[in-house]
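Right, one structure below, let's go through it.
The values are calculated or read from the model by the stated rules, or taken from the named source; none is laboratory data. Remember, it's a predicted structure, so these values are computed and weren't measured experimentally. Glycine also receives a Cβ, built like all others from the backbone with ideal geometry; neighbour counts cover every protein chain displayed.
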Amino acid sequence: MIDINQYIRKVAASGLVLLVGLTACSDLEVVNPNQPDAERALAEAGDVEALISGSFGQWWNQSHSVSGPAPILANQSFMWSAWPANFGMVHYSDFPRVAISNEPTHEFYGEMLDYAWSRNYRALSAVGQGLAALEDPEIVDELGPRRVARAAAFGRFMQGMAHGSLALLYDEAFIVDETTDVADIGDAVPYDQVLEVALGFFDDAIALANQGNFDPIPSGWMNASVTPSELAQIAHSMKARYRANVARTPEERQAVNWNAVIQDVNAGVPDGWFMETDYFGASASVSHYVAAYMSQPSIGWAQASYFVFGMADQSGQYQEWLADPPSQRHPNLDSGPFLINTPDLRFPQGETEAEQVENPGMPHVLTGSPHMTIGHKDWRQPARGTYRWSYYRSTHMDFHREVGTNTRTPEITPAEMRLLAAEGHIRNNNPGAAAELINVSRTAAGLNATDAAGTNTDCVPRLPNGTCGDLMEMLKWEKRLETMVWGVHSNSWYFDGRGWGDLYAGTATTLPVPGLERELLLQPSNTFGGQPGERGSAPGSTYQYPHEG
C-alpha cells in the first residue's frame, strides 16, 4: 500500500461547523459528471477519485461565478461599471462606500460573503474525505500506485487552491484537511497564516508531481488534461499569484517575498493554463461565467469606467470629468462627448464617435462599442449615478459568443506571470529588468518603450492630477489592461488595487467570516468597509480622486 503520509506534511487543523453535511450538497452551477453524492462517495475506488476531482468545480464556481463577490469587487475597483442593481453591484460600489452587511438576512449576503466561503469548504471537505480514504488498503489496492499518487497530488493541489482563495478573500478562515475532526471546533486563523498553509499544500503537490509516478490528470477533472510536470508548473504559478495578491495594504504588498514570487513565476506555466468553457455547462459562457455575463453587448453590465480607463486620455477631458462631483459626472461633458483620445491602440482611435466605432481597439481589451451603434448607449437609471455610464465597454468575451462555448479560456495567462515578475523587479530595485517586461505589451499596444528611469513620452497613463505615470504606474497600467477579466478570481483589479493602495476610500479591503458561521460558533459578527482609514477599509486611493472621501 502507498502511504501518502510518507510524502505529505500533516497540517494541524481546526474544525468547521459548515463542513457538516457539505459533501451532500450539490447545487452547483458546474456540470461535473464525476461528482457523486455523499452516501456512495467512499464505496468504490473510482468514487474516491470522483470526490477529489469534483473539488475543482467547487473552486472554479466560487472564483468565477456571477453568484459570488466577483461582480461587486469588479465594480468597486472600476474594472467594470454597471448601473443594474443585480448581485449588489450598485449597492457596494456607491459613493460613499458602505460597510459590508454581515447579516444573513441581508439581500446581498449570499453573493458578498457566503458563496465563496461555502464552496471553498465544500471543496476542502470533499478532498479531505477523499485523501482520508486513501488510507484504506482495499481502496489503494483497487486504484493501484499510479492512481493513488495522482489523487494525492491533485488533492494537495486543490487544498492549496481553496485555502489560497480563502486567504485572498476573508480576514480569517479555518484550516481544513483530511485530519480535521468537525466535532472539535477550533478558531479561525488570520489570512496570512491561511496563505502559509496554502503555500505548503502547493509545495506538497509539487513534490508529489515532480516524482512523475502517475499518469496525466484526466481532462474531466479540470477540463484540461494535465501531466505531472504541468501540474507542478500550475502550482508554482498559483503560489506566485496568491503570495503577491494576499496583501491588504501597500505596506503588506511591499513586504511580499518578491524573490519567491519571481522564482515561482520562472518555474510556472510558460504559456498559460487554458481550459474549455464547455466544462462549465452549455450556457455557462453567458449565465454563470462572470466575465461573459458581464460583458454581453448592448446591456449595461460592464461599461468601462472612466475612473481608471480615463488615464489613457490625452485630451484633458478626463480631468474635466473628474472635476465635477460624482453625482454630476456624465459621459457628455460641456466640451462634448468624453471620448478617450490616446496613442494606446487598445482603445478606439479617432476624434469622433463615428471614427472610433470604425476603428475599435484590440478586442481582447477594450473597444468603442461596435455592437452599440451611435444613439443606442445603454444609459439607464441615472439616479444610480451617471458616472457609471461610458462610451466604452469590454469585449473580452465576444469571441466566446461568436464561436460558441467550446472555447479555450485562460485561468493563468503569460501576461499575468510576466507582470508579476516585473513588479517583483521594481520592488527589488531592479527597474531595468522590470522595464523590459513592461515593454512587451506596452510597445505591442503602440506606446513608446519605457526604461529604468521610467521614461513615459506618451504620458500613458496620465494620472488624475495630469502628471505622467512613473515606472510603477506603467506597470500597473499594463497589469490592468493585460489581465482584465483573466486575472485572479476574474478580479485582478481589486486584489492588485488593494495592495497598491488604489481602492476608493471606504472600500472594504477584506471580507469578514460570514455572520451565520459566527452565529453557529457563538461568536459576535463583525464587518469591514464604509469608514475610510479603519482596519479593513481603504483610507483613500493613491490617486486622490477629486471629491473622494
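What is the number of the single condition among (1) within 17 Å of PHE56 (Cβ to Cβ); (2) surrounded by 15 or more Cβ atoms within 10 Å (Cβ to Cβ); (3) free of Cβ contacts under 8 Å to residues at least 60 places away in the same chain; (4) out of contact with any Leu (no Cβ under 7 Å at 6 or more places or on another chain) that ALA209 does not meet? ALA209 satisfies all of (1) within 17 Å of PHE56 (Cβ to Cβ); (2) surrounded by 15 or more Cβ atoms within 10 Å (Cβ to Cβ); (3) free of Cβ contacts under 8 Å to residues at least 60 places away in the same chain; (4) out of contact with any Leu (no Cβ under 7 Å at 6 or more places or on another chain) except (4).
Restricting attention to the range 100-116, which residues are over 20 Å from GLN531 (Cβ atoms) and in contact with a Phe, Trp or Tyr (Cβ under 7 Å, 6 or more places away or on another chain)? Of everything in the range 100-116, just one residue is over 20 Å from GLN531 (Cβ atoms) and in contact with a Phe, Trp or Tyr (Cβ under 7 Å, 6 or more places away or on another chain), namely GLU111.
When residues of the range 137-178 are filtered for being in a helix (DSSP H, G or I) and either out of contact with any strand residue (DSSP E or B) (no Cβ under 8 Å at 6 or more places or on another chain) or without any contact (Cβ under 8 Å) to a residue 24 or more places away in the chain (or both), how many remain? Residues that pass the stated criteria total 26. If you go through the range 93-122 and pick out every residue that is aliphatic (A, V, I, L, M) and either buried (at least 22 other Cβ atoms within 10 Å of the Cβ) or not in a loop (DSSP other than H, G, I, E, B) (or both), you end up with 4.
For the structure I just gave you, tell me whether GLY130 is in contact with a Phe, Trp or Tyr (Cβ under 6 Å, 6 or more places away or on another chain) and small (Gly, Ala, Ser).
So GLY130 does not fit the description; no.
Show me the helices (runs of 4 or more DSSP H) found entirely inside the range 419-514 where at least 2 residues are in contact (Cβ under 8 Å) with a residue 40 or more places away in the chain, over 23 Å from GLN319 (Cα atoms) and among the charged types (D, E, K, R). I'd like the intermediate steps shown before the answer.
Details: elements: 431-444, 471-483, 492-500.
Result: 492-500.
LEU521 passes every criterion in (1) at pLDDT below 95; (2) surrounded by fewer than 19 Cβ atoms within 10 Å (Cβ to Cβ); (3) under 18 Å from GLY310 (Cα atoms); (4) among the aliphatic types (A, V, I, L, M) apart from (3). If you check PHE309, PHE280 for being at pLDDT below 95 and out of contact with any Ser or Thr (no Cβ under 7 Å at 6 or more places or on another chain), only one passes: PHE280. Evaluate the following for ASP171: is it within 24 Å of HIS64 (Cα to Cα) and under 19 Å from the mean Cα position of the chain (by Cα)? Judged against the criteria, ASP171 is a match. With respect to (1) in a loop (DSSP other than H, G, I, E, B); (2) crowded, with 19+ Cβ neighbours inside 10 Å; (3) at pLDDT 95 or above, the lone exception for ARG346 is condition (3).
Among the residues of the range 217-231, none qualifies, meaning not one is hydrophobic (A, V, I, L, M, F, W, C) and over 20 Å from GLU49 (Cα atoms). Applying the set (1) modelled with pLDDT under 90; (2) under 19 Å from GLY446 (Cα atoms) to GLY404 leaves exactly one unmet item: (2).
Summed over the range 219-236, the residues that are of a type outside the set (A, V, I, L, M, F, W, C) and either modelled with pLDDT of 95 or more or not assigned by TED's automatic domain parsing to the domain that holds ARG146 (or both) give a count of 6.
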